[in-house]
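Reviewing the structure listed below.
The values are calculated or read from the model by the stated rules, or taken from the named source; none is laboratory data. Keep in mind it's a predicted model, so treat the numbers as computed, not measured. Glycine also receives a Cβ, built like all others from the backbone with ideal geometry; neighbour counts cover every protein chain displayed. Note: areas computed on protein heavy atoms with side chains; ligands, DNA, RNA excluded. Shrake-Rupley method; radii C 1.70, N 1.55, O 1.52, S 1.80 Å.
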Amino acid sequence: MTVRVQRRMNSARHDLIIIGGGINGAGIARDAAGRGLRAALLEQDDFASGTSSASTKLVHGGLRYLEQFEFRLVAESLKEREVLLHLAPHLITPLRFVLPLIPTARPAWMMRLGLWMYDRLGGAGSLPPSGMVRLAGTAEGVPLKAELQKGFVYWDAWVDDARLVIANLRSAVAHGAQVWPRTRFLGARRDERGWRVEAEGSDGRRLKMYSRALVNAGGPWVERVLSGIAHGGQPAHVQLVKGSHIVVPRIHPGAHAYLLQNEDGRVLFVLPYERHYSLIGTTDVLVEAPEEGALITPQEIRYLLAAANRYLARPLSENDVVWSYSGVRPLYDDGSANPSKTTRDYNLVLDARDDAPLLSVFGGKITTYRKLAEAVLTRLHPWLPTSRAAWTATEVLPGAEGLQDRDAAREALRMHYPALPPHLVNQLFDRHGNATQFVLGNARTEADLGIHFGGDLYECEARYFIEHEWARSADDVLWRRSKAGLHLDAAQRLAFEAWFDLRCPRVSAQSAQQTI
């Protein structure tokens, strides 16, 4: 696998320029490039640095959306869950959920009906059906209060959200797309050739590009992007809803997760996370600007702890919180005053005046990103005709090539590297899939991996992130390309930052483009 650095961007001519390097933008770039379009993507920060690395890490239908009669969204999401399990089985894996019954919450008959519909809306799939479970004296009941005697189980899927973005971008580039991290969109205006776009690289250099069509996939910044487009208008609005999560030491040994009902009618997820931890989320807090969603508040921490402690035999305290993260969901503003009831569906708004289309993406969720991308290309087809039809449902993402059985592939990899710790090989496989051998190269022992920064992070992988995955800061590696930052102490993180800054000085957008 080789890397070619592309340095020329000024005056580039494209069929499609996409603004926003989250999951929607990455999916659109991949789909467009695979259909033969000259696609380029601009991201003002690191890829997946916003909402797409701050999700609850689930590919799911959205069980609670049934209460809002979002049957089409749930059905599409469940069908996509099955597609994505096939496209990236190293990044997306089945996850069993336990839903304890509590007298003051939704009655058992309602939950049984909802799960019956959930099993059927997506059609035939690979995951087991839902059912009842006894909690007392079972592994499912271990962390729960003794009075919780029974519940339900159902299946959804877990995803490494930030790595799913990177996988889509790697695929996009392999199909000919150009992707530019840390390249800030400044503005665009129509002319006789389509769109004249201006951007700014991380070195402050102004960049000029031309494109036949423009897609605004700015997520929480979608309205700000529109404000920089001459006569872009304001055809729709987003409702910015902050979702915060906390991470605590592992509260139960099993591989299953929990869906807990809260007193306010919302639900809470408790997920196994990074081997030694549990992830608890999320909140729904309206904010006025994306910047307001950067940090969790003390009130949100107390809310999450109180909701979890209604069920846990050993109550959690604020001292148990080892990490937290927050992100802003850019929900399509459907007029709902309750952020928990705002639709998670997407809305595509097309402005095709002067034969130069501008398509803006409002809302959406990680599970339906691929269908969203297909819908974008369908809407733009009159201006960007292609000979290739929709294709992304069948071509697997990088790392999943030839991957039929995840457990068998992990075992084969461990046998190929017998001198390396099995948990390290497993962790690398979960991040890279069948590309793990490109990361490890000819390494046979831990000494061959280079500097050990702590946790499961070694120099060879850090260099791989830099050379093949656009990592341009220590945080890119510690919190998005991996979650190694959670396993390093403060001194180790500082040491890694020093190494990174020495080995990888800040680079401009001009030298960030890679073709794999």
(message) Looking at the stretch 353-397 only, could you name the residues that are in a strand (DSSP E or B) and of a type in the set (V, I, T)?
(response) V361
(request) May I ask you to say which residue of A471, A400 is in a loop (DSSP other than H, G, I, E, B), touching a residue at least 24 places away in the same chain (Cβ under 8 Å), touching a Pro at 6+ places or on another chain (Cβ under 7 Å) and open to solvent by less than 10 Å² (accessible area, probe 1.4 Å)? (result) A400
(request) State yes or no: is A356 over 28 Å from T56 (Cα atoms), out of contact with any helix residue (DSSP H, G or I) (no Cβ under 9 Å at 6 or more places or on another chain) and surrounded by 18 or more Cβ atoms within 10 Å (Cβ to Cβ)? (result) yes
(message) Scan the stretch 17-26 and tell me whether some residue there is part of a loop (DSSP other than H, G, I, E, B), farther than 21 Å from P89 by Cα, at pLDDT below 95 and open to solvent by less than 10 Å² (accessible area, probe 1.4 Å).
(response) no
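Residue-wise test of (1) at pLDDT 95 or above; (2) within 25 Å of the chain's Cα centre (by Cα); (3) open to solvent by less than 50 Å² (accessible area, probe 1.4 Å).
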{"residue": "A108", "(1), (2), (3)": "no, no, yes"}
{"residue": "A124", "(1), (2), (3)": "no, no, no"}
{"residue": "M132", "(1), (2), (3)": "yes, no, no"}
{"residue": "A136", "(1), (2), (3)": "no, no, yes"}
{"residue": "L144", "(1), (2), (3)": "yes, no, yes"}
{"residue": "A172", "(1), (2), (3)": "yes, yes, yes"}
(message) Can you find, within the stretch 188-202, the residue that is surrounded by the fewest Cβ atoms within 10 Å (Cβ to Cβ) among those that are touching a Ser or Thr at 6+ places or on another chain (Cβ under 9 Å), over 25 Å from T378 (Cα atoms) and modelled with pLDDT of 95 or more?
(response) E200
(message) Checking V321 against (1) open to solvent by less than 30 Å² (accessible area, probe 1.4 Å); (2) within 24 Å of the chain's Cα centre (by Cα); (3) among the aliphatic types (A, V, I, L, M): exactly one of these is not met. Which one?
(response) (1)
(message) I need the full set of residues from the stretch 438-455 which are outside any loop (DSSP other than H, G, I, E, B) and more than 24 Å from the chain's Cα centre (by Cα), in order please.
(response) L440, E446, A447, D448, L449, H452, F453, G454
(request) All but one of (1) within 30 Å of L148 (Cβ to Cβ); (2) open to solvent by less than 10 Å² (accessible area, probe 1.4 Å); (3) not aromatic (F, W, Y); (4) not in a helix (DSSP H, G or I) hold for D46, so report the exception by its number. (result) (1)
(request) May I ask you to list pairs of residues, at least six apart or on different chains, whose Cβ atoms are under 9 Å apart, with the first in the stretch 194-206 being touching a residue at least 40 places away in the same chain (Cβ under 8 Å) and the second being hydroxyl-bearing (S, T, Y) and part of a strand (DSSP E or B)? (result) G194/Y210; G194/S211; W195/Y210; W195/S211; V197/Y210; V197/S211
(request) Specify the residue that is nearest to the chain's Cα centre (by Cα); the eligible residues are those in the stretch 184-227 that are under 16 Å from L358 (Cβ atoms) and of a type in the set (S, T, N, Q). (result) N216
(request) Only residues that are modelled with pLDDT of 85 or more and open to solvent by 70 Å² or more (accessible area, probe 1.4 Å): list them for the stretch 203-240, please. (result) D203, R205, R206, K208, R212, W221, R224, S227
(message) Can you tell me which residue is surrounded by the fewest Cβ atoms within 10 Å (Cβ to Cβ) among those in the stretch 32-42 that are within 15 Å of L214 (Cα to Cα) and touching a helix residue (DSSP H, G or I) at 6+ places or on another chain (Cβ under 7 Å)?
(response) A33
(request) Only residues that are surrounded by fewer than 19 Cβ atoms within 10 Å (Cβ to Cβ) and in contact with a strand residue (DSSP E or B) (Cβ under 7 Å, 6 or more places away or on another chain): list them for the stretch 376-397, please. (result) R379, W383
(request) May I ask you to list the residues in the stretch 403-428 that are in a helix (DSSP H, G or I) and open to solvent by less than 70 Å² (accessible area, probe 1.4 Å)? (result) R406, A408, A409, R410, A412, L413, R414, L424, V425, N426, Q427, L428
(message) Taking the conditions exactly as written (outside any loop (DSSP other than H, G, I, E, B) and open to solvent by 10 Å² or more (accessible area, probe 1.4 Å)), does L348 satisfy them or not?
(response) yes
(message) Can you report the number of residues in the stretch 314-330 which are part of a loop (DSSP other than H, G, I, E, B) and either free of Cβ contacts under 8 Å to residues at least 24 places away in the same chain or touching a Pro at 6+ places or on another chain (Cβ under 6 Å) (or both)?
(response) 2
(request) Taking only the stretch 61-106 into account, find how many residues are open to solvent by less than 30 Å² (accessible area, probe 1.4 Å), closer than 17 Å to G125 by Cβ and outside any helix (DSSP H, G or I). (result) 8
(message) If I ask for residues that are over 17 Å from A308 (Cα atoms) and in a strand (DSSP E or B), which ones from the stretch 281-297 would you list?
(response) V285, L286
(request) Just need a number here: residues in the stretch 133-160 that are touching a residue at least 40 places away in the same chain (Cβ under 8 Å) and assigned to a strand (DSSP E or B). (result) 11
(message) It is to be established whether one or more residues within the stretch 475-492 are over 30 Å from V173 (Cα atoms), open to solvent by 40 Å² or more (accessible area, probe 1.4 Å) and small (G, A, S).
(response) yes
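What residue, of G281, G335, G364, is modelled with pLDDT under 95, under 23 Å from Q68 (Cα atoms), open to solvent by 20 Å² or more (accessible area, probe 1.4 Å) and not acidic (D, E)?
G335
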